[in-house]
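S.K.: Can you keep this structure in mind? I'll have questions shortly.
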Amino acid sequence: QVQLVESGGGLVQPGGSLRLSCAASGSIFSVNAMTWYRQVPGKQRELVAPITSGGSTNYADSVKGRFTIVRDNAKNTVYLQMTSLKPEDTAVYYCNANVVVTPTLREYNYWGQGTQVTVSS
């Protein structure tokens, strides 16, 4: 059993910053790719930024230059530093991870419960 728990969402003014966290816990052997997604009601879930276990990253064009994804492998935690926030960044942000579990050493995909980010004056 593996859980992903996100935190750090909230209400912020345009131009402000927030840092989201997502911690994986449970029967973990290793965590491979970790990814942040976001979703607005009535729209498809959108990929924001993935990061590999080795630290390679990628970003959606809409957040490039404003968001930074990093991870702490020792803590099985991924962070999303968001700066210069815009109203269009308002969404529920979800963490996703590919986790190799014990004792089977099989890889499964997990989602967090989501954290609301609202950018508004």
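S.K.: Within the stretch 49-67, what residues put their amide N at less than 15 Å from the label point 7 Å along the Cα-to-Cβ vector of ASN109?
M.R.: Flagged as within label range: 49-51.
S.K.: Report, ordered by chain and residue number, the lysines lying within cross-link reach of LYS43, taken as a straight Cα distance under 22 Å and ignoring same-chain residues fewer than 8 apart.
M.R.: Within the straight-line limit of under 22 Å, LYS43 reaches these lysines: LYS64, LYS86.
S.K.: Please report the carbon-and-sulfur percent of the accessible area for the chain; probe 1.4 Å, protein heavy atoms only, DNA, RNA and ligands left out. Before the final figure, lay out the partial values.
M.R.: Values: 3060 of 6290 Å².
C and S atoms contribute 49 percent here.
S.K.: OK, next. Could you tell me whether the chain comes out rounded, prolate or oblate from its Cα gyration tensor? Rule is a ≥ b ≥ c as square roots of the eigenvalues, rounded for a/c under 1.5, then prolate if a/b exceeds b/c, otherwise oblate.
M.R.: Prolate, because a/c is 1.5 or more and a/b exceeds b/c.
S.K.: So, one more: How large is the accessible surface per residue of the stretch 44-121, computed with a 1.4 Å probe and reported in Å² as a whole number?
M.R.: Numbers: 4100 Å² over 78 residues.
For the stretch 44-121, the solvent-accessible area averages 53 Å² per residue.
S.K.: If each residue of separation counts as 0.36 nm, what is the full-extension length gain between ASN73 and THR57 once their alpha-carbon separation is subtracted?
M.R.: Working: separation 16, 0.36 × 16 = 5.76 nm, distance 1.44 nm.
Residue separation times 0.36 nm, minus the Cα-Cα distance, leaves 4.3 nm.
S.K.: Okay, moving on. Can you give me the relative contact order of the chain as a percent, contacts being Cα pairs under 8 Å and 6 or more apart? Don't jump to the answer; show the numbers that get you there.
M.R.: Numbers: 305 pairs, mean separation 44.1, N = 121.
Relative contact order for the chain comes out at 36 percent.
S.K.: For the stretch 74-121, taking Cα atoms only, what is the radius of gyration to one decimal and the Dmax to the nearest whole Å?
M.R.: 14.9, 49
The values are calculated or read from the model by the stated rules, or taken from the named source; none is laboratory data. All of these numbers come straight from a predicted model, not from anything done at the bench. Virtual Cβ from ideal backbone geometry, glycine too; neighbours counted across all protein chains shown. Accessible surface is based on the protein model in full, side chains and every heavy atom, while ligands, DNA and RNA are left aside. Shrake-Rupley method; radii C 1.70, N 1.55, O 1.52, S 1.80 Å.
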